[in-house]
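The values are calculated or read from the model by the stated rules, or taken from the named source; none is laboratory data. None of the values given here were measured: they were computed from a predicted structure. A quick note on method: Cβ atoms are made from the backbone with ideal geometry, for glycine too, and the neighbour counts reach across all protein chains shown. Side chains are part of the model used for accessible areas, which takes the heavy atoms of the whole protein and leaves out ligands, DNA and RNA. Shrake-Rupley method; radii C 1.70, N 1.55, O 1.52, S 1.80 Å.
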Amino acid sequence: MNDNEIDLRPDAPAAGEVLRFRGRADKSELRAALRAAGVLRRTRLFGVAGALVIVLLGMGLSADGFTVGFPFLAGAVAYGATVLLLAPRRIVSRALKADQAHGEREYTVDDGGITVSCAAGEQGRVSWEELKRFHETPEVYVVVGRSGRKTCFFVLPKRLMRAPGQAELVGSLLRSRLGWA
C-alpha cells in the first residue's frame, strides 16, 4: 500500500480505476518519448547501415586495391545524410501531426491496463499482459507493448498529471507491473 491507499502489487485484487487525466502531448514530449523508446536511434542505425551497404556495392577490385566508384560514394553520402538528419525530424513531425489530428486525449490507468480515449470517440485499451516495457524521462512516461500484430506506443505526459503525487503513482504502478526497461 502507499499514501493513496492503492495496492500496487501485481497480484493485488482489482480495485477499479486508479487514475485519470486528459490533455495532449506537445512536440518536445513526443521527441523525448521517441528518443527514450529508441526509435530515433534505430533510424540513425539504419542510415549508417544503408550508407555502408551502398559503399560496399560500389567497391571494386583494381590493381591499386579496392576502389569505390564516385556515384556509389555520392549515393552513400546522400542516403546517409538524408536518413541521419531528416528522418528523425520527419518522424517527430508526423507523430505530432497524428497527435493533433486525434485531439485531446483522456488517459485512464487502472488495474486492467491503460486506456486512451480520443475526442473523436476512438478508444485504445491495452492490458498489462500486452504491455512489455516502459521508459521514463523527466517529461513523460513511454509505455510500449504489442496487441496482436500492432505495436502499442503510449506517451503519458507528466505535466498532465496535476494531482499531488499522481506522476509518482503512475511511475510506481508502471514499475510494479512492467519493471524497468
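Remarks
- Any hit, segment 78-92, residues being of a type in the set (Lys, Arg), open to solvent by less than 60 Å² (accessible area, probe 1.4 Å) and either modelled with pLDDT under 90 or within 26 Å of Arg42 (Cβ to Cβ) (or both): no
- In the set Arg133, Arg177, Arg125, Arg149, only one residue is of a type in the set (Lys, Arg), surrounded by 19 or more Cβ atoms within 10 Å (Cβ to Cβ) and farther than 16 Å from Asp99 by Cα; that residue is Arg177.
- Lone unmet requirement of (1) farther than 19 Å from Leu96 by Cβ; (2) touching a Pro at 6+ places or on another chain (Cβ under 7 Å) for Leu169: (2)
- Restricting attention to segment 141-167 and to residues that are among the basic types (Lys, Arg) and under 23 Å from Ser28 (Cβ atoms), the residue that is modelled with the lowest pLDDT turns out to be Arg162.
- Some residue of segment 121-133 being touching a residue at least 12 places away in the same chain (Cβ under 8 Å) and more than 15 Å from Cys152 (Cα to Cα): no
- Some residue of segment 92-101 being over 16 Å from the mean Cα position of the chain (by Cα) and over 14 Å from Leu30 (Cα atoms): yes
- Checked against the criterion of being open to solvent by less than 80 Å² (accessible area, probe 1.4 Å) and under 30 Å from Ile91 (Cα atoms), the candidates Gly65, Gly69, Gly47, Gly60 yield just one match: Gly47.
- Residues of segment 102-122 that turn out to be open to solvent by 40 Å² or more (accessible area, probe 1.4 Å), aliphatic (A, V, I, L, M) and out of contact with any His (no Cβ under 9 Å at 6 or more places or on another chain), as a count: 0
- Selected residue (criterion: nearest to Gly112 (Cα to Cα)) from residues of segment 152-174 that are exposed (fewer than 12 other Cβ atoms within 10 Å of the Cβ) and not basic (Lys, Arg): Ala163
- The residues of segment 104-124 that are farther than 16 Å from Leu160 by Cα and polar (S, T, N, Q) amount to a single one, Gln123.
- Summed over segment 127-178, residues that are in a strand (DSSP E or B) and either of a type in the set (Asp, Glu) or touching a Leu at 6+ places or on another chain (Cβ under 8 Å) (or both) total 13.
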